[in-house]
């Protein structure tokens, strides 16, 4: 499941539109835009990851939790341009290609 979330985060992070939204808005505005778009992105990913997405679409609480987690992580990644790699302990400049697979494993 964590790889699906990373795929979705990277889908957003690679789009200039979302990079601009993060740079030019506060978290609340970013999250409003993100929450409006997220179900469409999830639907686009559905075929590639249908088991995860069946559960996601069947469970509104899970959808809300996933939106909050992915949106918050994405916002911080794009806004700050830095990311902490928990494996190496290194803080490095984030790029749209930055990929830290443990990000979602450490969220409770």
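Name the residues in the stretch 17-40 that are surrounded by fewer than 14 Cβ atoms within 10 Å (Cβ to Cβ) and more than 13 Å from residue 75 (Cα to Cα), would you?
Scanning the stretch 17-40 gives 36, 39, 40.
Testing residue 96 on (1) in a helix (DSSP H, G or I); (2) modelled with pLDDT under 60; (3) under 27 Å from residue 29 (Cβ atoms), one condition comes back false. Which one is that?
The single condition residue 96 does not satisfy is (1).
Identify the single condition in (1) surrounded by fewer than 17 Cβ atoms within 10 Å (Cβ to Cβ); (2) under 17 Å from residue 7 (Cα atoms); (3) modelled with pLDDT under 60 that residue 91 does not satisfy, given that it satisfies every other one.
Here residue 91 meets the rest and fails (2).
Quick check on residue 40: is it without any contact (Cβ under 8 Å) to a residue 24 or more places away in the chain and under 14 Å from the mean Cα position of the chain (by Cα)? Write out each step before concluding.
On the way: without any contact (Cβ under 8 Å) to a residue 24 or more places away in the chain: yes; under 14 Å from the mean Cα position of the chain (by Cα): yes.
It is true that residue 40 is without any contact (Cβ under 8 Å) to a residue 24 or more places away in the chain and under 14 Å from the mean Cα position of the chain (by Cα).
The values are calculated or read from the model by the stated rules, or taken from the named source; none is laboratory data. Bear in mind that the values here come from a model prediction, so they are computed numbers and not experimental data. Note that each Cβ is placed from the backbone with ideal geometry, even for glycine, and that neighbours are counted across all protein chains shown.
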